[in-house]
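Worksheet: one structure, shown below.
What follows is calculated from the coordinates using simple rules that are stated; it is not laboratory data. As the structure is a prediction and not an experimental result, all values here were calculated from the model. Because the Cβ atoms are built from the backbone with ideal geometry, glycine has one as well, and the counts that use them run over all protein chains shown.
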Amino acid sequence: MKKYKVGFTTGVFDLFHVGHLNLLERCKAQCDYLIVAVCGDDYVTQIKHKQPVYPEADRIRIIGALKCVDEVSTITIEEVDDKMKALERFHFDVLFSGDDWKGSERYNRTEEQFAKYGVSIEYLPYTQGISTTDIKERMKYA
Ligand code: CTP
């Protein structure tokens, strides 16, 4: 029996790589049903000030095809910023997030808000040595 029923995580997942796979497999190892919300192209351009290489429709298809993912969805910029809004829509028991967010003011606040509803946050290790940004850099010299 797994620790949680419904797990939730979110991200851009552009140029899908093994760091993304590690994260999603670690999420699924802790929950029966994993929902992954893929950030839209508007989030990437407006918040990250980058252009996605793969458009959101393609990123959603790739994530949805993984056996460790039970449900894939889009997510609004407001829901990314305010995880209570994401909780209202997706009704998860646990939010999985990268451990680089642990102890931040934003996540400490979210932990307090979630605790009232019995919802947890689990921080998962970031896979060192690979990222979408890193792949783009490497491609320049390939
Ligand atoms: N992630 C991870 N290990 C990596 C890269 C990403 O665990 N090496 C996780 C992030 O913590 C996040 C999810 O994968 O929970 C989606 O991350 P995303 O920002 O889409 O991927 P990056 O490769 O980090 O993209 P970028 O370089 O544009 O920030």
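Going residue by residue through region 69-91, is there one that turns out to be more than 16 Å from the chain's Cα centre (by Cα), within 17 Å of TYR4 (Cβ to Cβ) and free of Cβ contacts under 8 Å to residues at least 60 places away in the same chain?
No.
Hey, among ARG26, ARG106, ARG61, which residue is in contact (Cβ under 8 Å) with a residue 40 or more places away in the chain and of a type outside the set (A, V, I, L, M, F, W, C)?
ARG26
Return a yes/no flag: does region 32-44 have any residue that is without any contact (Cβ under 8 Å) to a residue 24 or more places away in the chain and buried (at least 16 other Cβ atoms within 10 Å of the Cβ).
yes
Against the condition more than 8 Å from the ligand (Cβ to nearest atom) and touching a strand residue (DSSP E or B) at 6+ places or on another chain (Cβ under 6 Å), how does VAL119 come out, does it pass?
The answer is no for VAL119.
For every residue, the table says whether it meets (1) under 18 Å from GLY19 (Cα atoms); (2) surrounded by fewer than 17 Cβ atoms within 10 Å (Cβ to Cβ); (3) not hydrophobic (A, V, I, L, M, F, W, C).
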residue	(1), (2), (3)
PRO55	no, yes, yes
CYS68	yes, yes, no
ASP81	no, yes, yes
ARG89	no, yes, yes
TRP101	yes, yes, no
GLY118	no, yes, yes
LEU124	yes, no, no
GLY129	yes, yes, yes
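Take region 131-142 and flag every residue that is near the ligand (Cβ under 10 Å from one of its atoms) and exposed (fewer than 15 other Cβ atoms within 10 Å of the Cβ).
Those that are near the ligand (Cβ under 10 Å from one of its atoms) and exposed (fewer than 15 other Cβ atoms within 10 Å of the Cβ): THR133, ASP134, LYS136, GLU137.
Considering region 1-55 alone, what residues qualify as being among the basic types (Lys, Arg) and touching a helix residue (DSSP H, G or I) at 6+ places or on another chain (Cβ under 7 Å)?
Within region 1-55, LYS50 is the sole residue that qualifies.
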